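Each remark here refers to the structure printed beneath this line.
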Amino acid sequence: MPLQHIVEAQQFDRDVMAQIFSVAREMEQVVKRYGSNILSRRVMATLFYEPSTRTRLSFESAMLRLGGDVITTESAQEFSSAAKGETLEDTIRIIAGYADVIVLRHFESGASKRAAAVSPVPIISAGDGPGQHPTQALLDVYTIEREIGHLDGIRIAMVGDLANGRTVRSLCYLLAKYESPQIFFVAPEVVRMRDDIKEYLTRHQISWTEVSDLAQVAPQVDVIYQTRIQRERFGDRVGDYEQARGRFIIDRGTLERMRDDAIVMHPLPRVDEIVADEVDDDPRAAYFRQAHNGLYVRMALLRLILEGD
Ligand code: NCD
């Protein structure tokens with residue numbers, strides 16, 4: 001393939017995804033054998049302007065498990081030269097001299113495209129504000145394939161903060177690459193899915209419906225993809241946040257309505273939108289397995305970007 005920058009989910013097609021997932025399966029074995037050295041002497045930089053646990057640490061673990069090295073700036077807004085007024089473009093030009101690949105999380109939509117435009121080394125978006133989170137969507141699709149066994153005809157309910165959630169936005173773009181998925185959007189009024197995604201799905205003849213009742217849709221789907229109401233993106237609209245929060249919760253009642261072979265996913269972190277002590281022990285709770293899959297998918301991406309096929 002040549003995989004270079006990863007900046008948006010639309011750039012992938014089914015064949016490329018199949019290749020990534022096949023390498024990710026190999027990576028599950030590589031991790032069991034305590035890693036490999038194929039990326040030894042390569043350096044990955046992680047540059048994070050927004051908080052992260054899973055995304056940054058799974059990328060860093062992925063690089064280390066393939067024998068590579070990692071340099072990192074978290075809280076980059078505070079601790080990198082951004083604090084002195086340096087532009088993102090200049091920061092990228094500099095880091096590109098120190099690293100073979102740059103993993104970037106930024107608070108502005110479109111930041112990874114701006115970075116890719118000036119970077120001589122591959123840029124991997126680790127989330128750009130309310131825009132997209134393409135590698136999360138790849139691990140989400142990998143998880144659906146591992147857990148459900150197919151993607152064509154998949155029925156999925158995306159629940160929660162669909163206006164600010166970059167993971168669901170990227171996931172819609174990826175699911176649109178498969179045959180006849182059925183997407184249900186279940187969101188509080190103030191954070192409904194944005195029109196750009198709905199128009200994209202309609203243009204690609206993908207069936208989507210907005211529903212206001214999670215209980216009604218729960219028995220119909222293979223996947224409930226729950227998301228956090230993103231308080232940090234509401235600014236001073238505290239009333240809107242309070243109105244959205246707690247509206248759709250996954251609890252024992254939701255599980256009772258779901259099919260036996262359906263799953264609950266969540267990109268995490270969760271706050272109160274999944275009742276942990278009622279749901280975590282159910283085998284259909286797939287969110288921790290999903291987070292672990294992030295390691296394998298990111299190992300696969302680093303290998304394909306830095307080593308080729
Ligand atoms: C998500 C993100 O940062 O967009 N988390 C993640 O990367 N797993 C979701 C969120 O913050 O709620």
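For the stretch 63-77, 3J(HN,Hα) computed residue by residue from phi via the Karplus equation (6.51, -1.76, 1.60; θ = phi - 60°) reads 5, 5, 6, 9, x, x, 10, 10, 10, 8, 10, 9, 6, 4, 4 Hz, glycine and proline entered as x.
With coordinates expressed along the principal axes, the C-alpha atoms belonging to the chain extend over 54, 46, 40 Å, beginning with the largest.
For the chain, give the magnitude of the charge dipole about the Cα centre (Cβ charges: +1 Lys/Arg, -1 Asp/Glu; no others), in debye to the nearest 20. Before the final figure, lay out the partial values.
Working: 37 positive and 46 negative charges, 127 e Å.
Around 600 debye, computed over the chain.
Dipole orientation for the chain: of the candidates 167, 20, 45, 45 has the Cα lying most toward the positive pole (charges on Cβ; Lys, Arg +1; Asp, Glu -1). Computed from label points 7 Å out along Cα-Cβ, the spacing between residue 16 and residue 189 is 4.0 nm. Taking 17 Å as the straight-line reach from the Cα of residue 198, the lysines in range (excluding those fewer than 8 positions away in the same chain) are 177. Stretching the chain fully between residue 28 and residue 118 yields a gain of 29.0 nm (0.36 nm per residue, less the alpha carbon separation). In this rough spin-label picture, where each label sits 7 Å from Cα along the Cβ direction, the residue 280-residue 75 distance is 2.8 nm.
Phi-derived couplings, Karplus 6.51 cos²θ - 1.76 cosθ + 1.60 at θ = phi - 60°, listed residue by residue for the stretch 4-10: 10, 5, 10, 10, 7, 5, 4 Hz, with x used for Gly and Pro.
Here the relative contact order of the chain, from alpha carbon pairs under 8 Å that lie six or more residues apart, stands at 20 percent.
Please give me the summed charge of the neighbours of residue 290: other residues whose Cβ is under 11 Å from its Cβ, Lys and Arg +1, Asp and Glu -1. Walk me through the numbers before you get to the answer.
Details: positive: 54, 146, 289; negative: 140, 147.
Computed value for this residue: +1.
Any idea how far the Cα center of the stretch 158-219 sits from the one of the stretch 9-56, in Å? Taking the Cα centre of the stretch 9-56 as reference, the centre of the stretch 158-219 is 26 Å away. Rounded to the nearest 10 degrees, the angle from helix 134-148 to the longest Cα principal axis of the chain is 50 degrees. Rounded to whole numbers, the Karplus 3J(HN,Hα) couplings from phi for the stretch 40-50 are 5, 6, 8, 10, 10, 9, 10, 10, 10, 9, 10 Hz, using 6.51 cos²θ - 1.76 cosθ + 1.60 with θ = phi - 60°, and x at Gly and Pro.
Assuming a ≥ b ≥ c are the square roots of the Cα gyration tensor eigenvalues, decide whether the stretch 43-95 counts as rounded (a/c under 1.5), prolate (otherwise, with a/b larger than b/c) or oblate. Mind showing how you got there, number by number?
Numbers: a/c = 3.29, a/b = 1.70, b/c = 1.93.
Oblate, because a/c is 1.5 or more while a/b does not exceed b/c.
Between the amide H of residue 182 and those of 154, 155, 156, distances stay under 5 Å, these residues lying 5 or more places away or on another chain, with hydrogens modeled in the peptide plane.
Below 8 Å between Cα atoms, with a sequence gap of 6+, how large is the relative contact order for the stretch 110-252 in percent? Relative contact order here is 24 percent. Per-residue ellipticity at 222 nm computed for the chain from its helices equals -12000 deg cm²/dmol, with DSSP H segments shorter than 4 residues left out and the rest contributing -39,500 (n - 2.57).
No value in this document is a laboratory result; all are computed from the given coordinates. Please read all numbers here as calculations on a predicted model, not as lab measurements. In this analysis, Cβ positions are derived from the backbone assuming ideal geometry, glycine residues included, and neighbour counts consider all displayed protein chains.
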